[in-house]
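Novice: Before anything else, here's the structure in question.
Nothing in this text is a laboratory measurement; each read-out follows from the coordinates by a stated rule. Given the structure is predicted, the values throughout are model-derived calculations rather than measurements. For neighbour counting, all protein chains shown are included, and Cβ atoms are generated from backbone atoms with ideal geometry for every residue, glycine included.
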Amino acid sequence: MNISRARFMVLLAMSIVGMASSFMVLYTWYLLRQPLPICTAPASIEPRGGITINCAAVLSSPYSEVAGVPLDALAAISFIINASLVILFATSRRPGIYLKALMGWRFIGIAIVPYLIYIELAIVRAICIYCTIMHSAIIIDFILITVLLKGARPMKPIAPRP
């Protein structure tokens, strides 16, 4: 199975976008201890002022870490693994193995995204733009990988009923 250059570039781009966003948070918020660009002042996205765009609220919440490890560090690792699997898939003589691994890896990511969005919207009542970028990259990546995986297994035509 061959992957088109355009699909390869989109898959790789989603990993790069996710990595860039997670590295931006890690560097600016956790290392420099400064507010993130674009997300410096809370801005309401609801008419009544309920949910805000406020990276600081999201990143300083107790939900921003797992066992003391920032979720953004885990996201960065996840996107690095994803990019590696994309490259292996595109360059391997046995791409099916890497495509399945990539699908499994992305399934973990897509399973976590709804929970993280719920935490932002329902509990913290704030949205982090950088987190949203990472969530979007995971969703787009998952959709494209699903399309590729579906294409990897040609389906038999359905026989008409007598």
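Novice: Apply the Karplus curve 6.51 cos²θ - 1.76 cosθ + 1.60, θ = phi - 60°, to the phi angles in segment 77-85 and return the couplings in whole Hz, x for Gly and Pro.
Specialist: Listing the rounded values in order: 4, 4, 5, 5, 4, 4, 4, 4, 5 Hz.
Novice: Can you give me the convex hull volume of the Cα atoms of segment 1-125, divided per residue and expressed in Å³?
Specialist: 128
Novice: When the chain is fully extended, how far beyond the present Cα-Cα distance does Ile108 get from Ile77, taking 0.36 nm per residue of separation?
Specialist: The span from Ile108 to Ile77 would gain 9.8 nm if fully extended.
Novice: What is the distance, in nm, between label points placed 7 Å from the Cα along the Cα-to-Cβ direction at Arg125 and at Ser60?
Specialist: Those two pseudo-labels are separated by 1.6 nm.
Novice: Moving on. Using label points projected 7 Å from each Cα along Cα→Cβ, tell me how many nm separate Val69 and Val10, to one decimal.
Specialist: 3.1
Novice: Still on this structure, please answer the following. Can you list the residues, at least 5 places off or on another chain, whose amide H is less than 5 Å from the amide H of Arg125, using H built in the peptide plane?
Specialist: none
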